[in-house]
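Below: one structure, written as structure tokens.
The values are calculated or read from the model by the stated rules, or taken from the named source; none is laboratory data. Note that the structure is a prediction, hence the values are computed from the model and not measured. Cβ placement follows ideal geometry from the backbone for every residue including glycine, while neighbour counts extend to all protein chains displayed. For the accessible areas, the whole protein counts, side chains as well, though only heavy atoms, and no ligand, DNA or RNA atoms are used. Shrake-Rupley method; radii C 1.70, N 1.55, O 1.52, S 1.80 Å.
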Amino acid sequence: MTENPTLAVVVKGWPRLSETFIAQELVALEEGGHRFDIWSLRHPTDQKTHPLHDRLKARVRYLPEYLHDAPDRVARCREIARGLPGYREAYDLWRSDLARDRSHNRIRRFGQACVMAAELPQATQGLYAHFLHTPASVTRYAAVMRGLPWSFSAHAKDIWTSPDWEIQEKLDPARAGAAFGATCTGFGAQHLKDMAAAPDRIDLVYHGLDLARFPPPPARILRSPQGRFSMLSVGRLVEKKGFDRLLAAFARLPETVDWHWTHIGGGDLKTTLAAQADAAGISARITWRGACDQPEVIEAMRHADLFVLPSRVAEDGDRDGLPNVLMEAASQRLPILSTPVSAIPEFITDGVEGTLVGDDPQTLAEAIVALSENPDRAAQMADASYHRLRADFQMEPGIQRLSRRLSEMLSGA
């Protein structure tokens, strides 16, 4: 447990299997000398954790997930918050937000912010939120109450599904906006810069990979074009991952392809997708493994022939950024098939480091057949993605830039 932390890090939930990029970053910041507490808006729901989570020494504080679950704590902290110098400004900001977003979630954000502002250690000099939507709202309100600077790291859903007015105000110094914002893709960074009153406050900080945590790639033996073709996907079973279209692509594969697909990850669409596979008559070729920790994911990658991530833009605008699982696959020299959505082309150039195609089932099916029939070509692209990862997407440069930004914010406070 950290004594006298100067930084408060706000997250949606802790720990979460699907957010290894956050765990990797926080471990690196802590080992680089930053002292912080983690403030989580939710309690964990995953049954497993990653080894990375065990390395973190920071104290984890849980805010009331629902205000009615801790009425005494909320009432006590609200009274303390009312006495803070920035409470009135924070309240006015919240009322302005509430007028445009009359939701229970907006009310909960302010209640959680009151608890956080009241309970922050006196040594706290700044706040840093992961995700620009709910966590950044709680962070902004609490920071204003305490008269402290705040910052954020934005990712994907939070950028593409938040209303423009909310993003613009969180980026506006005149509206208690962030001291700086980091985001993990050039695509997202440009979008935020275009909306920001002070574009120089937005930084591109790729997550990258800490390759020290990963085994060297296996000595892969080229499979026969007629042999079993083992495909793997890792990702939540949600619309933007495109797994419904991938299942439809599998149903179009010719009998000459002896394929099997393994999926790792949880998600709300499991029942729907399993029913789709049953209806298509392909369930016997599919293994649903559910949530796995990172060593299990890497082990599966070492035994697969192709990594498939058919990302797409969901109906509500949600989309991937640059999924870390693509870099993890590259770390094991696993050939990659994906789509040119969002920032994926920032890492993979079609035909060089992997194959990028449209997300319609027929196009996906044709790409799968082509890669199964050309193992030599697939291996060449896997080698290229591995070298690209080592040259341009290791963790250290991003951590160094983020650490500098955080240090500047805290010293300014």
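With respect to LEU309, is the statement that it is under 27 Å from HIS387 (Cβ atoms), at pLDDT 95 or above and not hydroxyl-bearing (Ser, Thr, Tyr) true? Full working, then the answer.
Working: under 27 Å from HIS387 (Cβ atoms): yes; at pLDDT 95 or above: yes; not hydroxyl-bearing (Ser, Thr, Tyr): yes.
In short, yes.
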Of the residues that make up the stretch 207-227, is at least one open to solvent by 30 Å² or more (accessible area, probe 1.4 Å), under 24 Å from the mean Cα position of the chain (by Cα) and modelled with pLDDT under 95?
yes
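Please tell me if VAL369 is out of contact with any strand residue (DSSP E or B) (no Cβ under 6 Å at 6 or more places or on another chain), open to solvent by 10 Å² or more (accessible area, probe 1.4 Å) and within 15 Å of GLY235 (Cβ to Cβ).
On the way: out of contact with any strand residue (DSSP E or B) (no Cβ under 6 Å at 6 or more places or on another chain): yes; open to solvent by 10 Å² or more (accessible area, probe 1.4 Å): yes; within 15 Å of GLY235 (Cβ to Cβ): no.
Answer is no for this residue.
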Single match in LEU306, LEU322, LEU356, LEU326 (criterion: under 30 Å from ASP164 (Cβ atoms) and more than 19 Å from the chain's Cα centre (by Cα))
LEU356
Hits in the stretch 192-206 (condition: open to solvent by 60 Å² or more (accessible area, probe 1.4 Å) and touching a strand residue (DSSP E or B) at 6+ places or on another chain (Cβ under 6 Å))
LYS193, ARG201
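Mind listing just one residue for me: the one in the stretch 399-413 that is open to solvent by 10 Å² or more (accessible area, probe 1.4 Å) and touching a strand residue (DSSP E or B) at 6+ places or on another chain (Cβ under 9 Å) and, of those, nearest to LEU209 (Cα to Cα)?
Filtering the stretch 399-413 down to residues open to solvent by 10 Å² or more (accessible area, probe 1.4 Å) leaves 399-401, 403-405, 407-413.
Checking which are touching a strand residue (DSSP E or B) at 6+ places or on another chain (Cβ under 9 Å) leaves us with 401, 405, 408-410, 412-413.
Values: ARG401: 15, ARG405: 20, GLU408: 24, MET409: 25, LEU410: 26, GLY412: 30, ALA413: 31 Å.
Across the stretch 399-413, the extreme among qualifying residues is ARG401.
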Residues in the stretch 39-59: is at least one touching a His at 6+ places or on another chain (Cβ under 6 Å) and closer than 24 Å to LYS157 by Cα?
no
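Restricting to the stretch 194-206, give me the number of residues that are within 20 Å of the chain's Cα centre (by Cα) and assigned to a loop (DSSP other than H, G, I, E, B).
Filtering the stretch 194-206 for residues within 20 Å of the chain's Cα centre (by Cα) gives 202-206.
Keeping just the survivors that are assigned to a loop (DSSP other than H, G, I, E, B) gives 205-206.
Looking only at that region, the number is 2.
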Tell me whether the stretch 296-303 contains one or more residues that are of a type outside the set (A, V, I, L, M, F, W, C) and over 30 Å from PHE131 (Cβ atoms).
yes
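To keep it simple, each residue is scored yes or no on (1) in contact (Cβ under 8 Å) with a residue 60 or more places away in the chain; (2) assigned to a helix (DSSP H, G or I).
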{"residue": "ALA75", "(1), (2)": "no, yes"}
{"residue": "ARG78", "(1), (2)": "no, yes"}
{"residue": "PRO85", "(1), (2)": "yes, no"}
{"residue": "GLU89", "(1), (2)": "yes, yes"}
{"residue": "ARG108", "(1), (2)": "no, yes"}
{"residue": "ALA113", "(1), (2)": "no, yes"}
{"residue": "MET116", "(1), (2)": "yes, yes"}
Within the stretch 150-180, which residues are open to solvent by 30 Å² or more (accessible area, probe 1.4 Å) and either basic (Lys, Arg) or in contact with a strand residue (DSSP E or B) (Cβ under 8 Å, 6 or more places away or on another chain) (or both)?
LYS157, ARG175, ALA179
In the stretch 122-131, is there at least one residue being open to solvent by 10 Å² or more (accessible area, probe 1.4 Å) and farther than 23 Å from ALA58 by Cα?
no
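Out of all the residues in the stretch 180-220, which are of a type in the set (Phe, Trp, Tyr) and either without any contact (Cβ under 8 Å) to a residue 40 or more places away in the chain or over 27 Å from LEU410 (Cβ atoms) (or both)?
Let us first name the residues in the stretch 180-220 that are of a type in the set (Phe, Trp, Tyr), namely 180, 187, 206, 214.
Of everything in the stretch 180-220, those that are of a type in the set (Phe, Trp, Tyr) and either without any contact (Cβ under 8 Å) to a residue 40 or more places away in the chain or over 27 Å from LEU410 (Cβ atoms) (or both) turn out to be PHE187, PHE214.
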